[in-house]
Amino acid sequence: MENQTAVSEQEGHVASALSSEVIISLKKVSKYFGDFQALNGIDLDVHTGERIVICGPSGSGKSTLIRCINRLEEHQEGDIEVTGVKLDENLKNVDQVRSEVGMVFQSFNLFPHLTVLQNCALSPIWVRKMGRSEAEELAMEYLNRVHIPEQAEKYPGQLSGGQQQRVAIARALAMQPRVMLFDEPTSALDPEMIKEVLDTMIELAESGMTMLVVTHEMGFADRVADRIIFMDEGQIVEQDVPQEFFNNPKNDRTKLFLSQIL
Amino acid sequence: MNQTVSNSITVRWWYWARENLFNSWLNTILSIICIVIIYNAVWGIFSWAILNGIWEAKDRRECFAILGKDEAGNPIQGACWAGVREWFNNIIYGRYVKDEQWRVNLGISILIVWMIPLWVPNLKRKFLIGFGAIGLYPFLASYLFLGGERSWFVSFMVSLAIITFCYNTVDWLGVKAFRVSLADSLRWKMVNRIFAEKQHTFALMGLFAIIAVMLAFLIQDWILVDVSWVRMGGFHLTLVISGFAMTVGLPCGIILALGRRSRLPIIKAFAVTFIEVFRSVPLITILFMATAMFPLFMPEGFELNKLVQVIAAVCLFTSCYMAEIVRSGLQAIPKGQFEAASSIGLGYWQSMGLVVMPQALKFMIPNIVSSFIGIFKDTTLVYIVGMFDILAMTRAMGNDVPWRGEFHEPFLMTAIIFFVCCYTMSQYSQRLERKLSGENK
């Protein structure tokens, strides 16, 4: 009974997500590293409020895909539009997109010479042009949301991996982005720290943030995702709601992948 | 009773010596040989410089007469400091006009007072203080040293330098003595009364500019006697040249290093060529080029004074060395830092200035300072193109008629001056390094 309500809720999410506007759209996107083709004609539409989990074997182009969305990598063919702005040679457009898209990295990438609070207040001050005290208030608010306000005055090197990753989430949120990208956020963490980061991400998902998450945490995918995308060799092989994806995979490569990791 | 004896300093010394110097036969022999050598050297210098030193004499002949001869009829060796005393003024100020030397003293004192806050622990805004000094002090100093008529622009910059200097000094003295910061209270008043917080820096700059214009009017009639650059010399000239080299070299080096890493081919090619050309040529060659050959390329009647040419040459040379140091520092920063800075929306200059450079500079400090020390000593080469820097003055003393042939004393004196300066720099860099590495732990 309980299970069924969960299912219907989830379907409700998908329905509402699909009816809302498209925030990220990729059309026939290809990306090469020298001779190696990392992305091969990707088509993808992400709707506002949608939570997408991307999985697949290593080297399948998952990370490259989301790194193309805020142009940490340049794509060579196709079009990427984020919040209606097209990503091209124009650096103004790139900066505009980056200020709408937050990103969390596998290796945290906090700024070691700044305190936790300064890390989080950087983009409000310099990108959103707030005053210092206003920006620090905002940063504190997000540190509260990831449950580490007491660490605000410490330097990143003094925190555990899980704490650092939560600071990284707060730092990305402090820019007040419309989309959040997660690039294997738990892969560099000790097992006992994974849960605290996933919990933070689940809270974020429940608040309605549009999220693209590259992860191998299938429990998280099952619980949070509106849609799971399976990639292999630079292509989207299969995408579906979690229920269908886990219980009834259609593609052979998906079946093989799931049999290996579940 | 027994314990006090064993803890007394002599006993502890004896134990230390036995543990470290005389713990085996071989070590004992080596230790004794070393002690004898050190004793002879130290005693020799001490008796020559201090015991037999002559402080009052009118020329070198008189020094010899006072020292006299020993029983065997050999002349007694002793330092003739009287000559160094007479030439001291020349070694420090060169041929700078005697009545105007207070200007040099004032200029150097202002610089020292301006820089003191950088040594004082727990002061905020050190970066701004350093930046202000680099940007404004050269105007104040060059006017103080050279004097003469000045343009409106120079008047304005000199006034701005004076105001910034007073403001900084009052601020940090206030913080240390009364725990009241002038800067904070000024800011606080402005933030709450007139301006929004994010505008306060601009407001403060505007306020400074207005006061500077008013001060420029006030000091319109205050004109210093013109002292030609030809008269600048001695240690003063060494300080001026190396000071310019350091303050211009670092920012130019940063720009060149960024140029070398640039993706734009023209900028990159320019930076690479520039760095490689000036780095692979000895400083002497660059100095000769600047003073002897550069005027040949210039149109007839175009004259640039030699001091400016020499300073420009040394600055070019330093910039290229700095560029390579900065580049190595930038390479030590992981790629993730650039990516993270971009991902939170910072543009190129913002990520460089806020995220990458502050971290990279920390790695670079030891290299930068050792390069500064090198440049400081290398500036003595300018005497080859006819500048009377400290080394030229030291040599000139031995060629002066009353003191002919006296070289040991002035060179020892110059060596001491260089040692004090370079050792201070290296101590400061070590302090800075310790402090910065402590911050991130």
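Observations on the model:
- Matching entry among B:LEU354, B:LEU346 (being within 14 Å of chain A (Cβ to nearest Cβ), free of Cβ contacts under 8 Å to residues at least 40 places away in the same chain and touching a Ser or Thr at 6+ places or on another chain (Cβ under 8 Å)): B:LEU346
- Residue match in segment A:134-145 (condition: assigned to a loop (DSSP other than H, G, I, E, B) and surrounded by fewer than 24 Cβ atoms within 10 Å (Cβ to Cβ)): no
- Index of the failed condition, A:GLN164 passing every other in (1) of a type in the set (S, T, N, Q); (2) out of contact with any helix residue (DSSP H, G or I) (no Cβ under 8 Å at 6 or more places or on another chain); (3) touching a residue at least 12 places away in the same chain (Cβ under 8 Å): (2)
- Qualifying residue in segment B:375-393 (condition: crowded, with 18+ Cβ neighbours inside 10 Å, at pLDDT 90 or above, of a type in the set (Phe, Trp, Tyr) and closer than 22 Å to B:ALA313 by Cβ): yes
- Checking each residue in segment A:146-191 for being over 14 Å from A:LEU117 (Cβ atoms) and of a type in the set (Lys, Arg) picks out only A:ARG178.
- Test: B:GLY386 is within 14 Å of chain A (Cβ to nearest Cβ), among the small types (Gly, Ala, Ser) and over 17 Å from the mean Cα position of the chain (by Cα): no
- Test for B:GLY73: is it under 30 Å from B:THR238 (Cβ atoms) and not β-branched (Val, Ile, Thr): no
- Here B:GLY78, B:GLY44 are screened, and the one residue that is more than 17 Å from the chain's Cα centre (by Cα) and in a loop (DSSP other than H, G, I, E, B) is B:GLY78.
- Among all positions in segment B:360-372, there is at least one residue which is closer than 19 Å to B:ILE284 by Cβ and either more than 14 Å from chain A (Cβ to nearest Cβ) or touching a residue at least 24 places away in the same chain (Cβ under 8 Å) (or both).
- Set side by side, the residues B:ILE129, B:ILE91, B:ILE112, B:ILE116 differ, and just one is surrounded by 20 or more Cβ atoms within 10 Å (Cβ to Cβ), among the β-branched types (Val, Ile, Thr) and in the same structural domain as B:ASP171 (by TED's automatic domain parsing), which is B:ILE129.
- In segment A:131-151, the residue that is nearest to the other protein chains (Cβ to nearest Cβ) out of those that are under 20 Å from the mean Cα position of the chain (by Cα) and of a type outside the set (A, V, I, L, M) is A:TYR142.
- Top-ranked residue in segment B:334-343 [being assigned to a helix (DSSP H, G or I) and more than 7 Å from chain A (Cβ to nearest Cβ); ranked as surrounded by the fewest Cβ atoms within 10 Å (Cβ to Cβ)]: B:LYS335
- Only helices (runs of 4 or more DSSP H) whose full extent lies in segment B:203-305 are considered here, and the ones with at least 3 residues that are within 26 Å of B:LEU361 (Cβ to Cβ) and at pLDDT 85 or above are B:234-261, B:265-279.
- Residue match in segment A:54-69 (condition: under 23 Å from A:ASP222 (Cα atoms), small (Gly, Ala, Ser), within 18 Å of the chain's Cα centre (by Cα) and within 14 Å of another protein chain (Cβ to nearest Cβ)): yes
- Selection count, segment B:371-416, where residues are under 17 Å from B:ARG61 (Cβ atoms) and charged (D, E, K, R): 4
- Filter result (in contact with a Leu (Cβ under 7 Å, 6 or more places away or on another chain) and part of a helix (DSSP H, G or I)) within segment B:385-413: B:VAL385
- Selection status of B:PRO358, under 30 Å from B:GLU433 (Cβ atoms) and either at pLDDT below 90 or among the β-branched types (Val, Ile, Thr) (or both): yes
- B:SER371, sole failed condition from (1) closer than 23 Å to B:PHE127 by Cα; (2) modelled with pLDDT of 90 or more; (3) surrounded by fewer than 20 Cβ atoms within 10 Å (Cβ to Cβ); (4) not aromatic (Phe, Trp, Tyr): (3)
- Matching residues, segment A:143-183, being β-branched (Val, Ile, Thr) and in contact with a strand residue (DSSP E or B) (Cβ under 8 Å, 6 or more places away or on another chain): A:ILE169, A:VAL179
- Across segment A:70-94, the qualifying residues are those that are facing another protein chain (nearest Cβ under 9 Å) and either assigned to a loop (DSSP other than H, G, I, E, B) or modelled with pLDDT under 90 (or both), and the one among them that is surrounded by the most Cβ atoms within 10 Å (Cβ to Cβ) is A:ASN70.
- Apart from one condition, B:MET322 fits all of (1) modelled with pLDDT of 90 or more; (2) over 24 Å from the mean Cα position of the chain (by Cα); (3) more than 14 Å from chain A (Cβ to nearest Cβ); the exception is (2).
Let's see how each residue does on (1) facing another protein chain (nearest Cβ under 8 Å); (2) among the small types (Gly, Ala, Ser); (3) closer than 25 Å to A:VAL214 by Cβ:
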position	(1), (2), (3)
A:VAL101	yes, no, yes
A:LEU122	yes, no, yes
A:TRP126	yes, no, no
A:LYS129	yes, no, no
A:GLU153	no, no, no
A:LEU159	no, no, yes
A:GLY162	no, yes, yes
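The values are calculated or read from the model by the stated rules, or taken from the named source; none is laboratory data. None of the values given here were measured: they were computed from a predicted structure. A quick note on method: Cβ atoms are made from the backbone with ideal geometry, for glycine too, and the neighbour counts reach across all protein chains shown.
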